[in-house]
Amino acid sequence: MTEGRASRWQELTGGTSGADYAARFARLAASGADLHGEATFCAALLPPGARVLDGGCGTGRVAIRLAEQGFDVVGLDVDASMLAVAREQAPGLDWVHADLGETARVLRGRPPFDVVVLAGNVVPLVAEGSLPDVVGSLVDVLAPDGTLVAGFGLDARHLPRGCPVTALHEYDAALAAHGLTVADRFATWDGRPYEETAGYAVTVAVA
């Protein structure tokens, strides 16, 4: 964990919600919901075989889909219960148990990533005060021309209960502090144009 601080995800869930989380998405899939919007979005940015880090990968929904499409994927998450589900679903993929703030340390020596994706409200769920350090650690594993893609809610309606809001200007400041520029922003993973009244933002930042 970043400097010993528990992530907000751990504080909210206790790090034991993997099975329940997977069951919820299984019900959504059974209802006909599209669970692959984030993967589809990221795939459109990438050349074949590109390296992808799914940061805060949870049960592996995005990482597994990208791997099925031929990308070289690593999933990283702080929640062991979520990774247990991911490993059961895709034992052949590379799953790393670590806090996002430790990304650069635990992945040291590996080839850089073309894209780092943070889906599922990962940004507001990092430890309080750790966002600049988390972004810096992710930038350290990006290729020189790499891309950081993050989607997260901007109000209580789009966030887990009890999760504080991270304002876009806070996130943008963390990006800028580590040399990233916002190249595009959308209101949804299917590319709906972003407006200031949107309750959700998908930000594409480039090195």
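The values are calculated or read from the model by the stated rules, or taken from the named source; none is laboratory data. Fair warning: this is a prediction, and the values are worked out from it, not measured in the lab. Virtual Cβ from ideal backbone geometry, glycine too; neighbours counted across all protein chains shown. These area figures cover heavy atoms from the full protein model, side chains too; ligands, DNA and RNA do not enter into them. Shrake-Rupley method; radii C 1.70, N 1.55, O 1.52, S 1.80 Å.
Accessible surface computed residue by residue for the chain, with neighbouring protein chains in place and a 1.4 Å probe, gives 46 Å² per residue.
Taking the average, over residues, of other Cβ atoms within 10 Å as the packing measure, peptides 51-61, 178-188, 67-77, 90-100 rank 51-61, 67-77, 90-100, 178-188 from highest down. In this label model, A80 and A207 are separated by 3.2 nm, measuring between points 7 Å along each Cα→Cβ vector. Comparing E196, E128, E88 in a Gaussian network model of the chain where C-alpha atoms under 10 Å apart are linked, the largest mean-square fluctuation is found at E196. Over the Cα atoms of the chain, each weighted equally, I'd like the Debye log10 I(q)/I(0) at q = 0.08, 0.15 Å⁻¹, rounded to two decimals. At q = 0.08, 0.15 Å⁻¹ the computed log10 ratios are -0.23, -0.91. Computed from backbone phi, the HN-Hα couplings of the stretch 152-159 come to 7, x, 10, 8, 4, 5, 10, 10 Hz, rounded to whole numbers (Karplus: 6.51 cos²θ - 1.76 cosθ + 1.60, θ = phi - 60°; Gly and Pro given as x).
Once backbone amide H atoms are built at 1.01 Å from N, L93 has no partners under 5 Å, excluding neighbours fewer than 5 places away on the same chain. With the convex hull drawn over the C-alpha atoms of the stretch 141-198, the volume per residue is 113 Å³. Amide H to amide H distances under 5 Å link G146 with A207, where only residues 5 or more positions off or on other chains count and H is placed in the peptide plane.
Distance between the 7 Å Cα→Cβ label points at A44 and A176: 2.8 nm. Each Lys or Arg adds one and each Asp or Glu subtracts one; over the other residues with Cβ under 14 Å from the Cβ of L83, this totals -4. Counting protein heavy atoms only, the chain has 52 percent of its accessible area on carbon and sulfur, 1.4 angstrom probe.
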